[in-house]
Amino acid sequence: MNAPLWQPGPERVANARITAFTERIRGRYGLALPDYAALHRWSIDERAAFWSELWDYCDVVCSRGCDTALEHGEQLPGARWFVGSRLNYAQNLLRFRDERPALVALSEDGGRRVLTYAALYLEVERLAAALRAHGVQAGDRVAAILPNIPEAIIAMLASASIGAVWSSCSPDFGASGIMDRFGQIGPRLLFAADGYVYQGKAIDIRERLADIADRIPAIERVIVVPVLAQDADLGAIRASVPYDAFCRMAAPAPLAFAQLPFDQPLFILYSSGTTGAPKCILHGAGGTLLQHLKEHQLHTDIRREDVLFYFTTCGWMMWNWLASGLASGCTLVLYDGSPMARDGSRLLDAIDDENITVFGASAGYLGALKKSGLQPRRSHRLDSLQTLLSTGSPLSAECFAWVYEAFKPDLLLASISGGTDIISCFVLGNPTLPVYAGEIQCPGLGMAVEIRDERGDSLRQRKGELVCTRAFPSCPLGFWNDPDGSRFRRAYFERFAGAWAHGDYGEITSHGGMIIHGRSDAVLNPGGVRIGTAEIYRQLEAIEAVTDALVIGQEWQGDTRIVLFVVLRQGLALDDDLRRRIAERMRRHASPRHVPARIVQVSAIPRTISGKIVELAVREVVHGRPVGNRDALANPEALEQFRDRPELEN
């Protein structure tokens, strides 16, 4: 059995919040609970008791407790949690009103802003008054195209205080990508930046905002946050108003928190759009709050004195996860810009400058640091750093070992995995367990995680599909515009009866941890950012020279890179000019992350008999792996042209 890379010392185990929680359960229920596995089993077998104890331990702010903690608990979907309770997500995040820093906002050029908990409360109060004056009510959609700046947190909290439903994208999304999302939900208000800065370049998005405002008639106001210029001309943007001017439209009023049911809609997040328009995933306030409190306080050991950072944009669920850290009273560090600014040292500088205790990033970022040759422990103190979180894509065993060599030996490296679908984690870290190379430490408390084969049989130490077999509070409420729930059930519950099928391919290890081997579908993950193939195909429709295409993620140097195969009009050959045009189309209308690393010309795209392209089969051929069920293909001979391509060997 391989030795652990890290083992928590007795003091860390004794002082961990999960240790205190375990002692609480032992005392109240007369249980032995000799290890984490026993605690996890109890949290699954006695879900109503577990989540109720967590509610009390984390001191959830509510105006009314529940009549019953779990109703129809055997149903998945269909279970109801904390029936009869009344609470407000924003109130839980704004429970502190002191002078401790709540938000520290950093930019790649060295800019720094600080908002204390008291100041944050006042800013939310000011904006919430303006939202109420405009007539925003519970259930209305409020959307945002913002960088990771304080105004994004403020606007989200102000919206949530009323009970409005929040949805956000990052400003590097092109108009098509934003329309694919916000066009479905019809927001009343749109918060947006005039632009953003990345790698030292200012990108003005006002023209894009004008287009979006014109194409979504439901938008009543575009509230523009000045990022590039305080006095930017907004004349071309329909119904636009500067952020401060909008706040001044209402008389000051005390901040009121609407008391709403546990399953009141809170966030709309989006699937990657692999097979069409992104799915609009609706998440509830209570389930999101309770799940994040559990993951922050028990699994990440966060408390008031901590400083929490996660490199994320407002278009990724980790932004929502980061924001919920306010409910634990810690300081959040927000960052807007390139993670590799200052030759890769910008975020590392922040660890020392801001005394960050919990630092989170994608596996792709850590891989990039590794390839760059940086050794943070040689250039930075890292005294404050206690926990390093990684997600977005599997972290390789080699990168695990590198982190302990390059950062510090006494560090909890917690790889975490879940997703937009559940706005949280199925498997994640634990400050009281050892860390093994390439392994996620444990399943989350209250999450009945298994690995199953195609027949639905449970597996251990063998690869299969990750499933969750019992109801959990952060299960989505459903999809937007899916009144009978059929699309929602088809997406997660039809493959394995009575279980959530997540679409991850993994295995449970001998230590009780988890190895995620990647997505079991065709979602691309360059640098840990999930990209649906359909998003790329939609942009190619505007390139007349391309008649057909297929895109895959190629495993490359510990990460994934996008490879695009194109069929061109007869007589045309792929040249540098066409490659540039394709790349520019992706960059401008999707995002820079959608630009393929390699574009390769082929003569035909393999398809099933029913006409569907087969990304997974091509991916297997590119990686030299066998392809099963070739009989299902209308033209299986087309697969051979993807084998041993020299363009993909460098």
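What the table shows:
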item	result
Residue that is nearest to Met156 (Cα to Cα) [pool: residues in segment 166-175 that are crowded, with 20+ Cβ neighbours inside 10 Å and in contact (Cβ under 8 Å) with a residue 40 or more places away in the chain]	Trp166
Residue identified as crowded, with 19+ Cβ neighbours inside 10 Å and in a strand (DSSP E or B) among Leu282, Leu289	Leu282
Count of residues meeting criterion [assigned to a strand (DSSP E or B) and in contact with a helix residue (DSSP H, G or I) (Cβ under 8 Å, 6 or more places away or on another chain)] in segment 332-362	8
Qualifying residue in segment 490-499 (condition: surrounded by fewer than 17 Cβ atoms within 10 Å (Cβ to Cβ), over 19 Å from the mean Cα position of the chain (by Cα), in a loop (DSSP other than H, G, I, E, B) and in the same structural domain as Thr560 (by TED's automatic domain parsing))	no
Given (1) free of Cβ contacts under 8 Å to residues at least 24 places away in the same chain; (2) surrounded by 18 or more Cβ atoms within 10 Å (Cβ to Cβ); (3) of a type outside the set (A, V, I, L, M), number of the condition Glu125 does not satisfy	(1)
Filtered residue count, segment 437-471, keeping only those that are more than 10 Å from Phe426 (Cα to Cα) and in a loop (DSSP other than H, G, I, E, B)	16
Residues located in segment 549-571, provided they are part of a loop (DSSP other than H, G, I, E, B) and in contact with a helix residue (DSSP H, G or I) (Cβ under 8 Å, 6 or more places away or on another chain)	Gln557, Gly558
Selection within segment 24-41 - within 28 Å of the chain's Cα centre (by Cα) and either of a type in the set (Gly, Ala, Ser) or closer than 23 Å to Val83 by Cβ (or both)	Ala37
Subset tally (residues that are surrounded by fewer than 18 Cβ atoms within 10 Å (Cβ to Cβ) and in contact (Cβ under 8 Å) with a residue 24 or more places away in the chain) for segment 45-56	1
Those helices (runs of 4 or more DSSP H) lying entirely in segment 117-233 with at least 3 residues modelled with pLDDT of 95 or more, farther than 30 Å from Val595 by Cα and in contact with a Lys or Arg (Cβ under 9 Å, 6 or more places away or on another chain)	117-134, 150-162
Test result for Val13, surrounded by 13 or more Cβ atoms within 10 Å (Cβ to Cβ), of a type outside the set (Ser, Thr, Tyr) and farther than 30 Å from Glu398 by Cβ	no
Answer from Ile416, Ile451, Ile440, Ile423 - the residue that is at positive phi and crowded, with 22+ Cβ neighbours inside 10 Å	Ile423
Single match in Arg100, Arg112, Arg64, Arg47 (criterion: of a type in the set (Lys, Arg) and out of contact with any Lys or Arg (no Cβ under 9 Å at 6 or more places or on another chain))	Arg112
Residue in segment 546-560 that is polar (S, T, N, Q) and surrounded by 15 or more Cβ atoms within 10 Å (Cβ to Cβ) present	yes
Elements of type helices (runs of 4 or more DSSP H) contained in segment 1-48, each with 3 or more residues being assigned by TED's automatic domain parsing to the domain that holds His511 and among the hydroxyl-bearing types (Ser, Thr, Tyr)	17-29
Verdict on Asp98 being surrounded by fewer than 23 Cβ atoms within 10 Å (Cβ to Cβ) and either of a type in the set (Val, Ile, Thr) or over 30 Å from Glu46 (Cα atoms) (or both)	yes
Some residue of segment 409-417 being under 21 Å from the mean Cα position of the chain (by Cα) and assigned to a loop (DSSP other than H, G, I, E, B)	yes
Residue within segment 304-324 that is at positive phi and assigned by TED's automatic domain parsing to the domain that holds Asp59 present	no
Candidate set: segment 72-93, residues that are in a loop (DSSP other than H, G, I, E, B) and in contact with a Lys or Arg (Cβ under 9 Å, 6 or more places away or on another chain); chosen: the one surrounded by the fewest Cβ atoms within 10 Å (Cβ to Cβ)	Glu74
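Matching residues to (1) over 29 Å from Gln259 (Cα atoms); (2) surrounded by 13 or more Cβ atoms within 10 Å (Cβ to Cβ); (3) in contact (Cβ under 8 Å) with a residue 12 or more places away in the chain:
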{"residue": "Pro8", "(1), (2), (3)": "yes, yes, yes"}
{"residue": "Leu33", "(1), (2), (3)": "yes, yes, no"}
{"residue": "Ser43", "(1), (2), (3)": "no, yes, yes"}
{"residue": "Cys58", "(1), (2), (3)": "no, yes, yes"}
{"residue": "Val61", "(1), (2), (3)": "no, yes, yes"}
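The values are calculated or read from the model by the stated rules, or taken from the named source; none is laboratory data. Here the structure is a predicted model, which is why all the values come from computation and not from measurement. Quick reminder, even Gly has a Cβ in these numbers, built from the backbone with ideal geometry, and neighbours come from all protein chains shown.
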